[in-house]
Every structure is written in structure tokens, then in C-alpha cells.
Amino acid sequence: MRWVLVLVAVTSMLSITAQAWAHGQSSSGRKVTVRIVGAINSRDVTDGGVSGRGHFRATGAITDRGKVVAYRKVTGVLPGGAFTLRLVTFGKKGMITYIVKINTFVGSAGRWTIKSATRAYKGLRGHGTERDNTDHTITTLIGTVSR
């Protein structure tokens, strides 16, 4: 009888440990790509105001699509200055706000982080790089997310 209790206790501990490990593995450092179309369409906005509206599609660790609103703030004198984009995505599963910092020096990649998230994405953290096409109508965020 004592061996049965020990066996049940050990099996329970292993099961809990395996579940915790699997949960940690499934939620840490998972790859994501967010493609934003049409939101970065105004070069005139420099004060943090709305610079455009468009659509997004996220694949990988986040699978969602919906609308996006872009806010743009310029610091310093361009060229050579920097600007910050706040991209607020409104998907079916929740809202995610990405902050993108871009230095206008040639060859420097934009960097993004997740500022906030709601509903299914609450507690989500993430970071990565930003790239866009030549006329800035398509922005792609590539990186990883975790909880």
C-alpha cells in the first residue's frame, strides 16, 4: 500500500512538472510576423497624432487579423533623426499596441516592442525588428513573443 501511495505521488509530481515545462516552452520566445498594410500613409504627422489607418494580419505565435491605427512622432531633424510609431491593432482576439523605434540613419533597422495587450493577448510581451517596402505602405514586424 505504501508503494502505491509513493508511486501516485511521484507520478503526480512528474505530470505537474511536465505540464509546467510544456506550458513554458509553448509560450516563451515563439516567432511572430505581423504584416501591416496601408497604415503608414502620412509623412506630415510628427506630433504623435494619427498618421494612418489600415489592416493587419499576424501569423505564427499570434494568429489574428483586423484593423490598425498608426500614430507617428518625429524627434530630431530628419534626415538623421528618429521617429516612433505606435501601432494599435484591433483583432478578433484582442488589441495589441506595438511601439516601433526607427532611426533614420541608413542601414539601421527599426526595433519594436509590445507596449500593451488585451483579452486573449493580456500579459503578452514581445520584441523584434521592423522593415517596410520602399513607399512605406507595407510594414512587417518580425520577432518573438512570450507570456
| query | Once amide H atoms are placed 1.01 Å from N in the peptide plane, what residues at a sequence separation of 5 or more from G81, or on another chain, have their amide H within under 5 Å of its amide H? | reply | T104
| From the phi of every residue in the range 48-56, what ³J(HN,Hα) in whole Hz does the Karplus formula 6.51 cos²θ - 1.76 cosθ + 1.60 yield, where θ is phi - 60° and glycine or proline is x? | x, x, 5, 10, x, 9, x, 10, 9
| said: Which chymotrypsin sites (Phe, Trp or Tyr not before Pro) in the range 52-133 sit in a loop by DSSP (not H, G, I, E or B) and have at most 10 other Cβ atoms within 10 Å of their own Cβ? | reply: F105
| remark: Applying the gyration tensor rule to the Cα atoms of the range 30-146 (axes a ≥ b ≥ c; rounded if a/c under 1.5, else prolate if a/b exceeds b/c, else oblate), the class is prolate
| request: Be a star and scan the range 53-96 for residues whose amide nitrogen sits under 12 Å from the point 7 Å along the Cα-to-Cβ vector of N103. | output: 80-83
| field | Note, ³J(HN,Hα) from phi for the range 83-92, Karplus 6.51, -1.76, 1.60, rounded to Hz, x at Gly and Pro | value | 9, 10, 10, 10, 10, 9, 9, 10, x, 5
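Only the coordinates and a few stated rules stand behind these numbers; no lab work does. Treat the numbers as computed from the prediction; the structure is a model and nothing was measured. Every residue, glycine among them, receives a Cβ derived from its backbone with ideal geometry; neighbour counts consider all protein chains shown.
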